[in-house]
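J.: Below you will find the structure I want to go over with you.
Derivation of every value follows stated rules applied to the coordinates shown; laboratory data play no part. In this text the structure is predicted, and so the values were computed from the model without any measurement. Neighbour counts run over all protein chains shown; Cβ positions are idealised from the backbone, glycine included.
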Amino acid sequence: MLFLALETSCDETAAAVFSDEPRAFSNVVASQDELHARFRGVVPEIAARAHLRNLLPVIDQALRQANVTLNDIGCIAVHNTPGLVGALLVGVSAAKMLSVALGVPFIAVNHIASHIYACRLAAGRDIFPCVGFVVSGGHTALFHCQDALTMRLLGGTRDDAAGEAFDKVAAILGLGFPGGPAVEREATSGNPKAFEFPRAFMNDDRLEFSFSGLKTAVLYTVHGQDLSKAKGPPADSELADLAASFQLAVVDVLVAKCKQAMRQTGLKRVAVGGGVIANGVLRKALEEMAAREGAELFIPPMSLCTDNAAMAALAVEKWRRGEFAPLDLDAEPNFL
Ligand code: KG4
Ligand code: ZN
């Protein structure tokens with residue numbers, strides 16, 4: 001049984017072919033980073049229009065790479081929530097069209113649950129129950145995942161997501177977009193202890209995150225508190241230390257809250273997803289923490305961490321339960 005999955009929730013246009021094992025045969029992603037870079041963030045209208053242009057070629061490529069045709073596809077899968085509504089609608093409409101044209105069912109899955117399921121896909125074995133940890137540009141949240149489709153939110157961010165904080169701090173430091181990789185690169189030659197940046201909720205039982213205070217602390221350190229007298233980007237000599245100190249503040253909080261979630265739930269498995277896990281300092285810190293806690297840590301390869309359509313293999317679990325989507329399914333921008 002083969003599935004064709006579509007992902008258009010934000011600024012990546014993606015399609016994948018996978019089987020009900022689940023096993024992925026192709027995972028094609030067309031990035032729009034170049035289109036949004038000069039705005040230093042994703043522009044929803046531009047994203048939706050680019051999806052319209054890119055989706056059919058991306059689907060073609062996914063089918064070709066998997067060495068199949070549309071006639072081999074038995075089910076369509078699509079992320080219909082959460083995300084930018086105009087962007088989501090492109091994928092949802094295409095999924096409905098393909099479902100009708102091919103005479104096959106279609107299944108809607110939650111993009112956040114899929115980020116966690118990417119770990120199951122990569123592991124090739126069951127990973128549930130586990131703590132699910134999504135750290136992306138749009139979300140920073142911890143879940144108690146009973147199984148692939150039953151997840152309870154343990155806590156999320158009150159303001160910025162971790163990736164968003166990286167992107168905004170990169171802008172403050174005069175680095176490129178997306179900010180995460182640029183900050184990490186700059187940080188390699190910096191001293192992470194040079195600046196004492198705040199770590200919100202560190203000594204608090206609540207599994208919540210807040211990164212806007214940290215972002216403001218970086219802003220004031222660079223420009224002073226009177227922004228009307230703001231200076232230009234920091235001197236090169238300071239840049240690396242600022243990037244490294246900011247990065248460590250984010251990593252410290254993410255790792256501490258992940259550990260707290262494991263202790264509170266008693267779960268000894270953690271499945272991590274989202275683009276921020278590309279960060280080497282975060283990966284290493286999570287690995288060390290998991291080893292200390294005697295826990296199993298699942299981090300998929302990068303192609304399955306950032307937005308992609310193969311992670312929608314979560315649809316296989318719904319297919320087993322016969323949970324198909326109706327043709328009047330909506331795109332749902334809000335979370336869960
Ligand atoms: O999951 P993703 O591809 O898209 C969604 O937001 O759904 O994540 C993108 C985010 C961006 O905010 C980007 O700056 C961040 O992941 N990111 C990183 C790194 N690579 C990407 N953050 C920190 N360090 C990185 N190396
Ligand atoms: Zn995502």
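J.: What number goes with the only condition from (1) surrounded by fewer than 19 Cβ atoms within 10 Å (Cβ to Cβ); (2) part of a helix (DSSP H, G or I); (3) among the aliphatic types (A, V, I, L, M) that Val222 does not pass?
T.: The one condition Val222 does not meet is (1).
J.: Hey, another quick one. Test each condition in (1) acidic (Asp, Glu); (2) part of a helix (DSSP H, G or I); (3) within 16 Å of ligand 2 (Cβ to nearest atom) for Asp307 and report the one that comes out false.
T.: The one condition Asp307 does not meet is (2).
J.: Can you name every residue in the range 1-34 that is assigned to a loop (DSSP other than H, G, I, E, B) and within 13 Å of ligand 1 (Cβ to nearest atom)?
T.: Within the range 1-34, Thr8, Ser9, Cys10, Asp11, Gln32 qualify.
J.: With the structure loaded, tell me whether Val276 is in a helix (DSSP H, G or I) and crowded, with 24+ Cβ neighbours inside 10 Å or whether it fails that test.
T.: Working: in a helix (DSSP H, G or I): yes; crowded, with 24+ Cβ neighbours inside 10 Å: yes.
Spelling it out, Val276 is indeed in a helix (DSSP H, G or I) and crowded, with 24+ Cβ neighbours inside 10 Å.
J.: Here is a follow-up. What's the number of the condition Asp167 fails, among (1) within 16 Å of ligand 2 (Cβ to nearest atom); (2) under 18 Å from Cys258 (Cβ atoms); (3) not aliphatic (A, V, I, L, M)?
T.: Exception for Asp167: condition (2).
J.: Would you call Ile299 β-branched (Val, Ile, Thr), surrounded by fewer than 24 Cβ atoms within 10 Å (Cβ to Cβ) and either within 16 Å of ligand 2 (Cβ to nearest atom) or under 19 Å from Ile172 (Cβ atoms) (or both)?
T.: yes
J.: Among the residues of the range 225-246, are any within 27 Å of Leu153 (Cβ to Cβ) and surrounded by 16 or more Cβ atoms within 10 Å (Cβ to Cβ)?
T.: Within the range 225-246, the first condition is being within 27 Å of Leu153 (Cβ to Cβ), and the residues that meet it are 246.
This time we only want the ones that are surrounded by 16 or more Cβ atoms within 10 Å (Cβ to Cβ), so: 246.
Yes, that holds for at least one residue.
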